[in-house]
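> Sharing a structure here in structure tokens format.
Read-outs: derived from the displayed coordinates by stated rules, not from any lab. The structure displayed is predicted, hence computed values, not measured ones. So basically every Cβ, Gly included, is an ideal-geometry build from the backbone, and we count neighbours across all protein chains shown.
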Amino acid sequence: MISKNEFLKQKAVEILKDRVENRIISLGEIAPNVKVKTFSNETVSLFDLLKNNHLILSFMRGSW
């Protein structure tokens, strides 16, 4: 059994390893085919959106 402090240190390391900066794709890489919600609350996949059109993704912070 590990101590509470050791557990917290391990959790902190896990969180830091999973930071969004470590998952950003580079310029020119193909984005994963994720499903997103549109402003009209439809769920669509990125690849479906790209079939006939160009695509610009804009990310907005959910809460301040």
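> Only sites in a loop by DSSP and with at most 11 other Cβ atoms within 10 Å count here; which GluC sites (Glu not before Pro) in the chain make the cut?
GLU29, GLU42
> What chymotrypsin sites (Phe, Trp or Tyr not before Pro) in the range 1-50 are in a loop by DSSP, with at most 14 other Cβ atoms within 10 Å of the Cβ?
Listed in order of number, the matching sites are PHE39.
> Let me ask something else about it. So the label point goes 7 Å from the Cα of PHE59 along Cα→C-beta, right? Which residues of the range 24-42 then have their backbone N under 17 Å from it?
24-38
> What do you get for the angle between helix 4-17 and the principal long axis of the chain? Use alpha-carbon atoms, 0 to 90 degrees, nearest ten.
Relative to the chain, helix 4-17 is tipped by roughly 20 degrees.
> Another question about this same structure. Return the label of the correct value of mean projected area of the Cα convex hull in nm², as calculated from the structure shown, out of [x] 7.5; [y] 4.9; [z] 6.1.
Matching the structure shown: [x].
> Sticking with this structure for a sec: Within 10 Å, at most 11 other Cβ atoms, and a DSSP state outside H, G, I, E, B define an exposed site. Report the longest part of the chain free of exposed trypsin sites (Lys or Arg not before Pro).
After excluding every exposed loop site, the longest remaining stretch is 24-50.
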